[in-house]
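Student: Take a look at the following structure, please.
Just so it is clear, none of the values below were taken in a lab; they were calculated from the coordinates. Just so we're clear, the structure is a prediction, and the values are computed from it rather than from any experiment. FYI the Cβ positions are ideal-geometry reconstructions off the backbone, even for glycines, and counts take in every protein chain you see.
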Amino acid sequence: MKPNVKKILAQAEHICAQKDIRLTESRRHVLSIIAGSSKPIGAYDILKSLSQKMDNPKPPTVYRAIEFLQAQGFIHRIESLNAYVTCDAHHHHTGSQFMVCDDCGKVTEAHLCDLPTPLLDKTKKENFKLSSWNVELHGLCAGCQ
Ligand SMILES: [Zn+2]
Ligand SMILES: [Zn+2]
């Protein structure tokens with residue numbers, strides 16, 4: 001288990017308590033599984049790990065937990081991998097950028113709160129109402145080059 005799993009769980013609990021929402025057992029387990037994974041983890045593997053922590057969990061349990069964790073900003077979905085990572089930022093944000101290593105699979109979140117100016121200008125010009133954004137940069141990490 002990665003040492004930061006405890007920290008991530010404590011932080012999520014703190015935020016949930018502040019917002020008066022429940023971090024249920026399944027939500028808590030799913031967050032700890034994602035936080036403990038060294039690479040982005042997909043729903044199927046989350047379900048497999050969850051079955052070691054809970055009795056016979058069903059796929060909807062995993063999907064509902066993922067949906068909740070995403071809505072709270074605790075995790076992000078890496079679209080190109082169809083997998084999830086925990087958020088590196090200490091606050092909710094609607095957009096993010098990820099650097100994905102195609103060799104070892106490591107994902108680094110380059111946290112930005114705002115869309116980069118050229119893209120933001122473009123949305124303004126097109127009168128496009130932005131709700132969320134996601135940029136995935138593929139390549140090789142420092143260790144894999
Ligand atoms: Zn984030
Ligand atoms: Zn790598």
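Student: Positive end of the dipole of the chain, charges at C-beta (+1 Lys, Arg; -1 Asp, Glu), about the Cα centre: which of Pro57, Phe98, Thr86 has its Cα farthest in that direction?
Tutor: Checking the options against the dipole of the chain, the answer is Pro57.
Student: Along the Cα→Cβ direction, 7 angstrom out, place labels at Leu140 and Asp55. What is the inter-label distance in nm?
Tutor: Label at Leu140, label at Asp55, 5.1 nm between them.
Student: Follow-up question, since we're still on this one. Tell me, in nm to one decimal, what length is gained between Asp121 and Asp103 on full extension, where the rule is 0.36 nm per residue of separation less the Cα-Cα distance?
Tutor: 3.1 nm
Student: OK, next. Just to be sure I understand: if I project the alpha-carbon convex hull of the range 63-128 onto a plane and average over all orientations, what area do I get in nm²?
Tutor: Here the figure is 5.6 nm², rounded to one decimal.
Student: Computed over the Cα atoms of the range 104-145, what is the ratio Rg over Rh, Rh following Kirkwood?
Tutor: Using Cα coordinates only, the ratio equals 1.12.
Student: Oh, and also: How much length would be gained if the chain were fully extended between Asp114 and Phe128, taking 0.36 nm per residue of separation minus their Cα-Cα distance, in nm to one decimal?
Tutor: Length gained between Asp114 and Phe128: 3.5 nm.
Student: So what is the calculated 222 nm ellipticity per residue for the chain, using -39500 (n - 2.57) for each DSSP H run with n of 4 or more, over all residues, to the nearest 500 deg cm²/dmol?
Tutor: Per the formula, -12500 deg cm²/dmol.
Student: Convert each backbone phi in the range 81-96 into a coupling constant with the Karplus relation 6.51 cos²θ - 1.76 cosθ + 1.60 (shift: θ = phi - 60°), then list the ³J(HN,Hα) values in order as whole Hz, x for Gly and Pro.
Tutor: Couplings: 10, 6, 8, 10, 9, 7, 7, 8, 7, 9, 8, 6, 9, 8, x, 7 Hz.
Student: Give me the one-decimal Kirkwood hydrodynamic radius in Å for the range 4-86, with the sum taken over alpha-carbon pairs.
Tutor: In the range 4-86 this quantity evaluates to 12.6 Å.
Student: Counting other beta carbons within 10 Å of each residue's own, what order do Arg64, Arg27, Arg22 fall into, fewest first?
Tutor: Lowest to highest Cβ neighbour count: Arg22, Arg64, Arg27.
Student: Apply the Karplus curve 6.51 cos²θ - 1.76 cosθ + 1.60, θ = phi - 60°, to the phi angles in the range 97-108 and return the couplings in whole Hz, x for Gly and Pro.
Tutor: 10, 10, 9, 10, 7, 7, 8, 8, x, 5, 10, 10
Student: Moving to a separate point now. Using only alpha carbon pairs under 8 Å that are at least six residues apart, calculate the relative contact order of the chain and give it in whole percent.
Tutor: With pairs under 8 Å counted, the relative contact order is 19 percent.
Student: Still on this structure, please answer the following. Tell me, which cysteines of the chain are without a disulfide-compatible partner by the Cβ under 4.7 Å rule?
Tutor: If one checks each Cβ against the other cysteines of the chain, Cys16, Cys87, Cys104, Cys113, Cys144 turn up with nothing under 4.7 Å.
Student: Residue by residue through the range 140-145, what is 3J(HN,Hα) from phi via Karplus (6.51 cos²θ - 1.76 cosθ + 1.60, θ = phi - 60°)? Round to whole Hz and write x for glycine and proline.
Tutor: 10, 6, 4, x, 9, 6
Student: How large are Rg and Dmax for the range 24-145 when calculated on the C-alpha trace, in angstrom?
Tutor: Every Cα atom of the range 24-145 included, Rg and Dmax give 16.0, 53 Å.
Student: Now for a different question. Using amide H atoms built in the peptide plane, which far-off residues or other-chain residues are under 5 Å from Cys87 H to H?
Tutor: Ile75, His76
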